[in-house]
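Participant: The following block contains the structure, expressed as structure tokens.
The values are calculated or read from the model by the stated rules, or taken from the named source; none is laboratory data. These numbers were taken from a predicted model, which means no experiment stands behind them. Please note: Cβ atoms are built from the backbone with ideal geometry, for glycine as well, and neighbour counts cover all protein chains shown. SASA here: full protein model, heavy atoms, side chains in, ligands and nucleic acids out. Shrake-Rupley method; radii C 1.70, N 1.55, O 1.52, S 1.80 Å.
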Amino acid sequence: MITDPQTPAPGSTFPALELVAPDGAHRTLSDVLDGRPAVVHLMRSATCPVCLAHAAHVQRMHDAGELGGAAFLLLAPGDAAEAATAAQRAARRSPVAEVWATGDGHGAAGLDKVALLQHSGTFVLDGAGTVLAARTAALPPASFDAAEVRGALAALRDTA
């Protein structure tokens, strides 16, 4: 389900986001992924309990072998301070998560703040950055669907 027409649709290339680490280091999304497929969750905020619950769900998928080697990136809006907050909170729920912030890059992925609500979303990317699945929403409970992620990852494994 895609709720924003600017959101990268399946088959399109995910935007080249500039990421900020908890220590303030800057890297591009493509450098961080280095050709790896990934599940990328853009959080509503660094402290969003629903987004952190989604991260815990992805951790359980990882523990069950369902990610098939795909990376898991958890991206908070904001700067290094937000990345550090998100990393601290995610460490308990999803130690596999690679946590970064996007500066104002959520907007590049079609996830703008509308009526004071920062949209969040989950994307599954192949190793070239092509979007295999996309789900975004104004309210975080609707921004993740485990079956959709599993399906996209299974399709990726089937084409490998």
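Participant: Please work out the average accessible area per residue across the stretch 18-158, using the 1.4 Å probe convention, and give it in Å².
Facilitator: With the other protein chains kept in place, the stretch 18-158 gives 41 Å² per residue.
Participant: Could you look at the chain and say what percent of its accessible area is carbon and sulfur, using a 1.4 Å probe and all protein chains?
Facilitator: Carbon and sulfur atoms account for 55 percent of the accessible area of the chain.
Participant: Can you tell me how much longer the chain between Leu139 and Ala53 gets when fully stretched, taken as 0.36 nm per residue apart minus their C-alpha distance, in nm with one decimal?
Facilitator: 29.6 nm
Participant: Compute the Rg/Rh shape ratio of the stretch 69-130: radius of gyration over Kirkwood radius, all on alpha-carbon atoms.
Facilitator: Taking Rh as the inverse mean 1/r over Cα pairs, Rg/Rh reads 0.98.
Participant: If you take every residue apart from Ala84 with its C-beta less than 15 Å away from the C-beta of Ala84, what net charge results, scoring Lys and Arg +1 and Asp and Glu -1?
Facilitator: -2
Participant: Hey, another quick one. Mean residue ellipticity at 222 nm from the helices of the chain, using -39,500 (n - 2.57) per DSSP H segment of n ≥ 4 over the full residue count, to the nearest 500 deg cm²/dmol?
Facilitator: Mean residue ellipticity, 222 nm, calculated: -9500 deg cm²/dmol.
Participant: A further question on this structure: Compute the distance in nm between two label points, each set 7 Å from the Cα along the Cα-to-Cβ direction, one at Leu117 and one at Ala9.
Facilitator: Output for this residue pair reads 2.3 nm.
Participant: Right, here's the next one. Who wins for biggest fluctuation among Asp31, Asp112, Asp79 in a Gaussian network model of the chain, springs between alpha carbons below 10 Å?
Facilitator: Asp31
Participant: Continuing with this model, one more query. Using only Cα positions of the chain, each an equal point scatterer, no hydration layer, compute I(q)/I(0) via Debye at q = 0.11 Å⁻¹ and quote the log10 values to two decimals.
Facilitator: -0.35
Participant: Based on Cα coordinates alone, diagonalise the gyration tensor for the stretch 30-123, multiply each eigenvalue by 5, take square roots, and list the semi-axes in whole Å, largest first.
Facilitator: They are 21, 15, 12 Å, listed from largest to smallest.
Participant: Turning to a different aspect of this structure: How many nm is it between the label spots at Ala81 and Arg60, if each spot is 7 Å from the Cα in line with the beta carbon?
Facilitator: Taking the two extended label points, one gets 3.4 nm.
Participant: Let me ask you something else. Among Thr102, Thr28, Thr136, which one shows the biggest mean-square fluctuation in a GNM of the chain, springs joining Cα atoms closer than 10 Å?
Facilitator: The residue that fluctuates most here is Thr28.
Participant: The stretch 1-80: which trypsin sites (Lys or Arg not before Pro) are DSSP loop and have at most 12 other beta-carbon atoms within 10 angstrom?
Facilitator: none
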